[in-house]
Structure formats: structure tokens, C-alpha cells
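Read-outs: derived from the displayed coordinates by stated rules, not from any lab. Keep in mind the model is a prediction, meaning the values are calculated, not measured. All Cβ positions, even for glycine, are placed from backbone atoms using ideal geometry, and neighbour counts span all protein chains on display.
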Amino acid sequence: MADHTSLPPDLPVPIDDGAAAHLPGRRMPGVTLPTSDGGTVDLGALPAGRTIIYLYPLTGRPDAELPEGWEAIPGARGCTTEACDFRDHHEDLRRAGISAVFGLSSQNVDYQREVVGRLRLPFSMISDEGFVVAEALGLPTFAAEGHARLYTRLTLVADDGRITHAFYPVFPPNTHAQQVLRWVGENPR
């Protein structure tokens, strides 16, 4: 059984290649995508207030191996630890004024539903198997063994549907929710 709940000490650090610099000021696209709770979310009609959407490549399962070379890809490893950090700080984010938190990946809703249940996540995951959001916003993606395209890890802060900040690159992922929480405290609406 693979352990995805901790990170190896020698993970390569991703560099900021500028692939998210164009995002602040953009409106979230008016696309409706399925969520792990059986519903849908229209990203162009997010709840009023501030929303956090963290995008990630894929969440590993304990009974499955990650793609070959996964730990050598800067920023790839750590989706489970990132989700757990958002879980553990979800109430803190809500108290700080966050209206909603979502995870988003290209994994299907059944896969995401299993992750939400296994990790006891208090928020829904958004499934974008067709990379509609990546195309609409020009988001960075990458390929790995067995996966022609995956989302590059980044986090969007949207105020009333407009992106006000993009965290990119995200490292380390296991403390990223805490980084978001600090930013929210330093940048009130």
C-alpha cells in the first residue's frame, strides 16, 4: 500500500515560469462542471464573497501506484497532503471570510467522490475531465506516464467571481492551506 499522507524530503521545487501571471483580474469562466457531491457548480456564478479553488494534478489512492517518475516532476507529488491541509484548515478559512472552498482536477467525479470520503473532506471537488477551465483561462498543464494532460498545481482566489490572486507555483503542498489563510488575513476583501 502506497502512503500518500506524507512527502519525501527531497521533492524538487517547482519554479515560477510566469504561467499564472495573467490570471489576476480575469473573471471566472461561465462553465458548469460536475462535483463530487453529485451536483454541479457554475464557475461564472460562484457564491458571493471570496472563493478558494485549488487545482491539482491527481490524487493517489493507497492501493494504486503513482505514475512512473511522479516524484521527479516538480510540483506533482502532494495532492493528498494538500487536500488534508485544506480539510484541517477549512473552518479557519470559513472564519476568515471564505464563502467556499473547492478542489479541481481532471479526475472523474467517482474518483473524486472516493477521495472526499476517504479523506473526510468537508468541501466538494470539481471534475474537469475536458480541461474546459484550462482552455478558458489559459492554465498550465503537464503530462505524466499514463496521463496525456494533467493540471499543474495552482490556487485561485476569486472575489465575487473575479480572480484576485493566483498562488503559483504551490510548494510545499502540505502547508498550502496555511499559506492561503495567511494571505487572506493580510488581504481582506
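Which shape class, rounded, prolate or oblate, goes with segment 97-189 when its Cα gyration tensor gives a ≥ b ≥ c as root eigenvalues, a/c under 1.5 marks rounded, and past that a/b bigger than b/c marks prolate?
prolate
When R118, R26 are ordered from fewest to most other Cβ atoms inside 10 Å of their Cβ, what list results?
Going from sparsest to densest Cβ surroundings: R118, R26.
How far, in nm, would the chain grow between T40 and H22 when pulled straight, counting 0.36 nm per residue and subtracting the alpha carbon separation?
Once the chain is fully extended between T40 and H22, it gains 3.8 nm.
Can you bin the chain into rounded, prolate or oblate? Criterion: square roots of the alpha carbon gyration tensor eigenvalues sorted a ≥ b ≥ c, rounded for a/c under 1.5, prolate for a/b above b/c, oblate for the rest.
It is rounded, given that a/c, with a ≥ b ≥ c, falls under 1.5.
Dipole magnitude of the chain about its Cα centre, charges +1 at Lys/Arg Cβ and -1 at Asp/Glu Cβ only, in debye to the nearest 20?
660
Grab the other residues whose beta carbon is less than 12 angstrom from that of P24, score K and R as +1, D and E as -1, and report the net.
In short, +2.
Which distance in Å, rounded to a whole number, links the C-alpha centroids of segment 82-133 and segment 154-183?
Taking the Cα centre of each part, segment 82-133 and segment 154-183 sit 13 Å apart.
Taking Cα pairs under 8 Å and at least six residues apart, what relative contact order does the chain come out at, in percent?
The value is 33 percent.
Extending each Cα 7 Å along its Cβ direction at A96 and L7, get the distance between those two points in nm, one decimal.
It works out to 1.7 nm between the two label points.
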